[in-house]
1. Looking at TYR71, is it buried (at least 17 other Cβ atoms within 10 Å of the Cβ), aromatic (Phe, Trp, Tyr) and in contact with a strand residue (DSSP E or B) (Cβ under 6 Å, 6 or more places away or on another chain)?
2. Conditions first: (1) in a helix (DSSP H, G or I); (2) open to solvent by less than 60 Å² (accessible area, probe 1.4 Å); (3) modelled with pLDDT under 95. GLY183 passes all but one, so which condition is the exception?
3. Residue by residue through the stretch 76-108, note down the ones that are surrounded by fewer than 19 Cβ atoms within 10 Å (Cβ to Cβ) and hydroxyl-bearing (Ser, Thr, Tyr).
4. Just the residues that are part of a helix (DSSP H, G or I) and open to solvent by 10 Å² or more (accessible area, probe 1.4 Å), please, taken from the stretch 5-19.
5. Just to be sure, is VAL175 in contact with a Lys or Arg (Cβ under 9 Å, 6 or more places away or on another chain) and among the β-branched types (Val, Ile, Thr)?
6. Inspect the stretch 135-142 for any residue being in contact with a helix residue (DSSP H, G or I) (Cβ under 9 Å, 6 or more places away or on another chain) and under 21 Å from GLY177 (Cα atoms) and give the result as yes or no.
7. Look through SER129, SER157 and report the one residue that is within 20 Å of ALA67 (Cβ to Cβ), without any contact (Cβ under 8 Å) to a residue 40 or more places away in the chain, part of a helix (DSSP H, G or I) and not aromatic (Phe, Trp, Tyr).
Amino acid sequence: MKRQIVLIRHGETAGNLEKRYVGRTDEPLCEEGIAGIEAKKSQGLYPPAADDSVVLVSPMKRCSQTASLIYPQLEQITVEGLRECDFGSFEYRNYIEMDGDAEYQAWIDSGGKLPFPGGENPDDFRERSRKVFRNAVERYRDRSQLIFVVHGGTIMSVMSAFAKPPRGYFDYSVVNGHGFVCGVSEGISMQVEGEI
């Protein structure tokens, strides 16, 4: 059975508009974020749900709200491990506020490879995201369509590991409300069929 996997990044939050590192902060969508998702839905940007679709969401409000706006008819399954990275001392700060911060500069100089001070190691986050995604795809292997409404980092982690042809982590950066539609024929190897 050919299956479809849809990965959608949540709509905008106030922190996203201010270019903040929003990880563990559980903020809702802002008015602009809600309007943006509704506009994209009315334009037919999101794939229709299949009869047996399942929607898997991060436990954060911004993801469950986005899923409710796009697929109100579908029950959501909250998956703890799909949450965004914990940005530690960078959490809910932006680059302007951290100008001159030695830890932030060291992290930038490392190309984003250093652990977030007091937060999660980026490699550990990527591995967590991939493991939880892999488990979900296996658990719901009898469904023809899996819809994930998650975070940008989660999408980049998953796509850089499983999408074909292979691309780097940052190559799969996606703006709020957008994502990817992928076909899966066997296992977990995903062929990108389109962008949202």
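1. Considered against the rule, which asks whether it is buried (at least 17 other Cβ atoms within 10 Å of the Cβ), aromatic (Phe, Trp, Tyr) and in contact with a strand residue (DSSP E or B) (Cβ under 6 Å, 6 or more places away or on another chain), TYR71 comes out as yes.
2. Going through the list (1) in a helix (DSSP H, G or I); (2) open to solvent by less than 60 Å² (accessible area, probe 1.4 Å); (3) modelled with pLDDT under 95, GLY183 breaks only (1).
3. Correct list: THR78, SER89, TYR92, TYR95.
4. ALA14, ASN16, LEU17
5. Yes; evaluated as a whole, the condition is true for this residue.
6. No, the stretch 135-142 contains no residue that is in contact with a helix residue (DSSP H, G or I) (Cβ under 9 Å, 6 or more places away or on another chain) and under 21 Å from GLY177 (Cα atoms).
7. SER157
Every residue, every condition in (1) without any contact (Cβ under 8 Å) to a residue 60 or more places away in the chain; (2) in contact with a Pro (Cβ under 7 Å, 6 or more places away or on another chain), yes or no:
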| position | (1), (2) |
| --- | --- |
| ILE37 | no, no |
| GLY44 | yes, no |
| ALA49 | no, no |
| ASP52 | no, no |
| LEU56 | no, no |
| GLN65 | yes, yes |
| SER68 | yes, no |
| PRO72 | yes, no |
| GLU80 | yes, yes |
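The values are calculated or read from the model by the stated rules, or taken from the named source; none is laboratory data. All figures in this text were calculated on a predicted structure; none of them were measured in a lab. Quick reminder, even Gly has a Cβ in these numbers, built from the backbone with ideal geometry, and neighbours come from all protein chains shown. Only protein heavy atoms, including side chains, enter the accessible area calculation; ligands, DNA and RNA are left aside. Shrake-Rupley method; radii C 1.70, N 1.55, O 1.52, S 1.80 Å.
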